């Protein structure tokens, strides 16, 4: 039974080897990617500056003023976040100090 199985495997192996050797490998060519717009390779910052350079003087002033307003809004939000973090830290320190000094005194008085 085992030799029949080995013979069958040997036959299949020889058949596959013959098939591989007889067939010529013809690799299919890879498709070429054609870029229709060369500006796709530029970074968004470069695209912005190209777009900004194409604007008229009045439009440039408008864009700059909008960017300044957004910049100050982001700066204000960041500063508020930092101020909130500092206030929370101070509150936590005061709560800890109050717990450390007030709670032990109350326990000592009860005893």
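The values are calculated or read from the model by the stated rules, or taken from the named source; none is laboratory data. Here the structure is a predicted model, which is why all the values come from computation and not from measurement. Backbone-built Cβ (ideal geometry, glycine too); neighbour counts: all protein chains shown.
In table form, for the structure just shown:
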{"item": "Some residue of segment 70-79 being in contact with a helix residue (DSSP H, G or I) (Cβ under 8 Å, 6 or more places away or on another chain), part of a helix (DSSP H, G or I) and either surrounded by 10 or more Cβ atoms within 10 Å (Cβ to Cβ) or without any contact (Cβ under 8 Å) to a residue 60 or more places away in the chain (or both)", "result": "no"}
{"item": "Selected residue (criterion: modelled with the highest pLDDT) from residues of segment 17-68 that are in contact with a helix residue (DSSP H, G or I) (Cβ under 9 Å, 6 or more places away or on another chain) and not in a helix (DSSP H, G or I)", "result": "55"}
